[in-house]
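A.B. asks: The following block contains the structure, expressed as structure tokens.
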Amino acid sequence: MGFMDKVKGMLGQHSDKVTKGIDKAAGMADSKTKGKYSDKIRSSTEKAKDQAEKYGREGGGSQGRGGKGPQGGS
């Protein structure tokens, strides 16, 4: 099992914690920059969550963003 497979597996199991961590980091960055880059931080946060969700699904996770239950599809 390669490194990325391990990461994907962890993302699948802990997507809710990853999402909270991304939100916390974004909030801290926005606070430190006093809102100057809020739009860029918000955009980057959404992209990071999308990628985490994608990798989580590839790793066998069944939860979507925020861990609110199973999603249909692949």
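The values are calculated or read from the model by the stated rules, or taken from the named source; none is laboratory data. Everything numeric here is computed off the predicted structure, so don't read it as measured data. Don't worry about glycine lacking a Cβ; one is built from the backbone with ideal geometry, like all the others, and counts go over all protein chains shown. These area figures cover heavy atoms from the full protein model, side chains too; ligands, DNA and RNA do not enter into them. Shrake-Rupley method; radii C 1.70, N 1.55, O 1.52, S 1.80 Å.
A.B. asks: Within the stretch 2-36, count every residue that is under 19 Å from E46 (Cβ atoms), open to solvent by 40 Å² or more (accessible area, probe 1.4 Å) and of a type in the set (S, T, N, Q).
C.D. replies: Summing the residues that are under 19 Å from E46 (Cβ atoms), open to solvent by 40 Å² or more (accessible area, probe 1.4 Å) and of a type in the set (S, T, N, Q) in the stretch 2-36 gives 2.
A.B. asks: Considering the stretch 1-39 alone, what residues qualify as being polar (S, T, N, Q) and within 21 Å of G59 (Cβ to Cβ)?
C.D. replies: If the condition is that a residue be polar (S, T, N, Q) and within 21 Å of G59 (Cβ to Cβ), then Q13, S15, T19 are the ones that fit.
A.B. asks: Among the residues of the stretch 37-71, what is the count of those that are modelled with pLDDT under 80, in a loop (DSSP other than H, G, I, E, B) and open to solvent by 70 Å² or more (accessible area, probe 1.4 Å)?
C.D. replies: The number of residues fulfilling the criteria is 3.
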